[in-house]
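Colleague: The structure's right below; bear with me while I get my questions together.
The values are calculated or read from the model by the stated rules, or taken from the named source; none is laboratory data. Bear in mind the structure is a predicted one, so any value in this text is a computation, not a measurement. No Cβ is skipped: glycine too gets one built from the backbone with ideal geometry, and neighbour counts run over all protein chains shown.
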Amino acid sequence: MKPICLPTDILRRRKSCKWATMEPDVIPAWVAETDFAAAPAIQEVLTEMVAISDYGYPTLTDGPQRRLRETFAARERALYGWNIDPCDCMVITDVVQGLYGVVMSMSQENDGVIIQTPIYPPFFNVVTDCKRRLLENPLIQKDDGSFEIDLENLRHLAKDAKILMLCNPHNPTGRVFTRPELEAMANIAMEHNLIIVVDEIHSEVIYNGHTHIPFASLSPEIAARTITVTSATKAFGIPALRCAVIHFGSHVLQHTFKNTPRGILGGVNTMGLHATIKAWDGSCDDWLHGLINQLQENRDRVTAFLKKTLPNGRHAIPEATYLYWIDFRDQNLGGNPARTIARDRKVMLGEGPAFGIQGAGFARLNFATGPDILEEILERLTHEKEVPKK
Ligand SMILES: Cc1ncc(COP(=O)(O)O)c(C=O)c1O
C-alpha cells in the first residue's frame, strides 16, 4: 500500500508545530514529523473516538493498557525475536518523559551520564535539567561520512559514570548500530556497572541492508541493566497522541522507576493508546511497508542530490530514520547553516548546533514528505534564487 502524501495546502492547515509555525513562503523540513496521511486502521479508530466525543480520562493500568503491553511484547518478538514479558513494560506518555524518569530515579545529583554526540537535543536537557554530570562521547566521523562509536573514549568515560544513554537508531546520524558495536558498548557497561537507557523510537524505519537489534536482547545479563523506551509515533506519524512504552530488563529497575511520583508521569492519551495498539497489532503492516519504500526512495533521491550538489561534504547516508545529517561546512553558510538557508532559500532545516558542538556547519533535513515537496526543497537548496511568495 502506498502512503498518501499530503499536499502543501492541506499540510498548512495542520495545527501541529511543523507547518503551523512557518511563514507561508517557507517549507518546513525540521522537526521529526511526517507529511503523510496516517494509516487507515489508525484513522478508523480515531475517527470513531471523535465521532462519539470519547474524550474521557484514560483507564488505569489494566484493560487497554494491558493490551498495549501485550501487543508491544508480541511485536518485539515478531520483528526481532526479542522475548519479553508484558508485565515488565509500562505505558507512559512519551519517550522523553521516560528518559527523564529513568535518569531521575536511577541516579543522584552529580552522577555522570554518557551521551553520544551529536544527539537529539533533549538528551542534553535530560542530563543538565536533572543536575547530572554530562559526559559527552563524540561519535567519530569517517571519510565516507558515516559515524561510529568511540569505544576507547567510552571506556574512559565509563569509569566516572552511572548511566549510559544510547539512541539506536541514532538521531541525527541515522546509524543503526551493528551487533558487534552494541556488544562492545554492552561489555563496557558491564565492566563499569552502568545502567543503560536506550531510546529505540526510530527502530521501525530501517532501510535495506540494515537490521535493528534491541539492546536488551543482546543477553540476559545486559537486559538486567537495560531500560528501553520507544513508541509508535515516528514510524506511524502520530506524535501528537502522546503514548509510549518503557521496558525494564529487571524487577529492580522497574521497582526503582516506580518511585517516580505518579502525578509527574501523568496519564496516557486514550487516543494515543488505541492508535498505538493499531499501529503495532499488524493492522498497519502493509501501510508501513509502503511508507518505508517511499522513504527509501526519498533518501536515495537526497543522496544523489548531495553527490551532485555538495560533493565535498561528509554526509551520513541514513541507515534508518527519515532524517539526513548534511554537511554544509564548505558552503560558507556559517556555524548554523539552517538559519541562513531558512532566511535565503525558504526551507527550514533542523539546526545542527542544537545537536551539540559537532553540529556546527551541519543541518538536518527531514525527508518524510511527498516526492513533489521533496523536489521543491532540493530545488530551493540548489539555487540561491528569490523564492516566490506562495
Ligand atoms: C530519538 C528521539 N527520541 C524521542 C523523540 C520524541 O519522542 P516523544 O515525543 O515520545 O517524547 C524524538 C523525536 O524526534 C526522537 O528523535
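Colleague: Please state which one of GLY174, GLY145 is over 16 Å from VAL198 (Cβ atoms) and within 14 Å of the ligand (Cβ to nearest atom). Give the derivation first.
Modeller: Working: GLY145 fails: within 14 Å of the ligand (Cβ to nearest atom).
That would be GLY174, the only listed residue that is over 16 Å from VAL198 (Cβ atoms) and within 14 Å of the ligand (Cβ to nearest atom).
Colleague: Within segment 11-43, how many residues are loosely packed, with under 12 Cβ neighbours inside 10 Å and either closer than 20 Å to LEU241 by Cα or among the hydrophobic types (A, V, I, L, M, F, W, C) (or both)?
Modeller: First pass over segment 11-43, keeping only residues loosely packed, with under 12 Cβ neighbours inside 10 Å: 13, 15, 23-25.
Keeping just the survivors that are either closer than 20 Å to LEU241 by Cα or among the hydrophobic types (A, V, I, L, M, F, W, C) (or both) gives 13, 15.
Total satisfying the criteria: 2.
Colleague: Going by the structure shown, is PHE215 touching a strand residue (DSSP E or B) at 6+ places or on another chain (Cβ under 9 Å) and more than 15 Å from the ligand (Cβ to nearest atom)?
Modeller: no
Colleague: If I go through segment 90-105 residue by residue, how many of them are within 15 Å of the ligand (Cβ to nearest atom) and either not assigned by TED's automatic domain parsing to the domain that holds GLN254 or not β-branched (Val, Ile, Thr) (or both)?
Modeller: Residues that pass the stated criteria total 7.
Colleague: Got at least one residue in segment 59-73 being surrounded by 14 or more Cβ atoms within 10 Å (Cβ to Cβ), over 18 Å from ASP281 (Cα atoms) and within 16 Å of the ligand (Cβ to nearest atom)? Spell out the reasoning first.
Modeller: Taking segment 59-73 as the starting set, the residues that turn out to be surrounded by 14 or more Cβ atoms within 10 Å (Cβ to Cβ) are 59, 64-73.
With the extra rule that they be over 18 Å from ASP281 (Cα atoms), the set shrinks to 59.
Subset that is within 16 Å of the ligand (Cβ to nearest atom): none.
Looking through segment 59-73, none of the residues is surrounded by 14 or more Cβ atoms within 10 Å (Cβ to Cβ), over 18 Å from ASP281 (Cα atoms) and within 16 Å of the ligand (Cβ to nearest atom).
Colleague: Continuing with the same structure: What's the number of the condition ALA223 fails, among (1) within 16 Å of the ligand (Cβ to nearest atom); (2) among the aliphatic types (A, V, I, L, M); (3) within 23 Å of ARG77 (Cβ to Cβ)?
Modeller: Going through the list (1) within 16 Å of the ligand (Cβ to nearest atom); (2) among the aliphatic types (A, V, I, L, M); (3) within 23 Å of ARG77 (Cβ to Cβ), ALA223 breaks only (1).
Colleague: Can you name the condition, by its number, that ILE195 falls short on among (1) more than 16 Å from the ligand (Cβ to nearest atom); (2) touching a residue at least 60 places away in the same chain (Cβ under 8 Å); (3) under 25 Å from ARG314 (Cα atoms)?
Modeller: Unmet for ILE195, out of (1) more than 16 Å from the ligand (Cβ to nearest atom); (2) touching a residue at least 60 places away in the same chain (Cβ under 8 Å); (3) under 25 Å from ARG314 (Cα atoms): (3).
Colleague: Filtering segment 226-237 down to residues that are near the ligand (Cβ under 10 Å from one of its atoms) and of a type in the set (Val, Ile, Thr), which residue is surrounded by the most Cβ atoms within 10 Å (Cβ to Cβ)?
Modeller: Here the residue is THR233.
Colleague: Taking segment 102-119 as the region of interest, how many residues are buried (at least 24 other Cβ atoms within 10 Å of the Cβ) and of a type outside the set (A, V, I, L, M)?
Modeller: 2
Colleague: Only residues that are part of a helix (DSSP H, G or I) and free of Cβ contacts under 8 Å to residues at least 12 places away in the same chain: list them for segment 45-71, please.
Modeller: THR47, GLU48, VAL50, ALA51
Colleague: Here's another thing I want to ask about it. Which members of segment 106-139 meet the condition of being within 16 Å of the ligand (Cβ to nearest atom) and in a helix (DSSP H, G or I)?
Modeller: Those that are within 16 Å of the ligand (Cβ to nearest atom) and in a helix (DSSP H, G or I): PRO122, PHE123, PHE124, ASN125, VAL126, VAL127, ASP129.
Colleague: Take VAL126 and tell me if it is within 17 Å of ASP199 (Cα to Cα) and touching a helix residue (DSSP H, G or I) at 6+ places or on another chain (Cβ under 7 Å).
Modeller: In short, yes.
Colleague: What are the residues in segment 45-58 that are at pLDDT 95 or above and surrounded by 14 or more Cβ atoms within 10 Å (Cβ to Cβ), if any?
Modeller: VAL45, LEU46, MET49 - these are the residues of segment 45-58 that are at pLDDT 95 or above and surrounded by 14 or more Cβ atoms within 10 Å (Cβ to Cβ).
Colleague: So, in segment 338-375, of the ones that are touching a residue at least 60 places away in the same chain (Cβ under 8 Å) and among the basic types (Lys, Arg), which residue ends up nearest to THR34 (Cα to Cα)?
Modeller: Ranking the candidates gives ARG364 first.
Colleague: Right, something else. Of all residues in segment 198-212, which are more than 14 Å from the ligand (Cβ to nearest atom) and without any contact (Cβ under 8 Å) to a residue 60 or more places away in the chain?
Modeller: THR211
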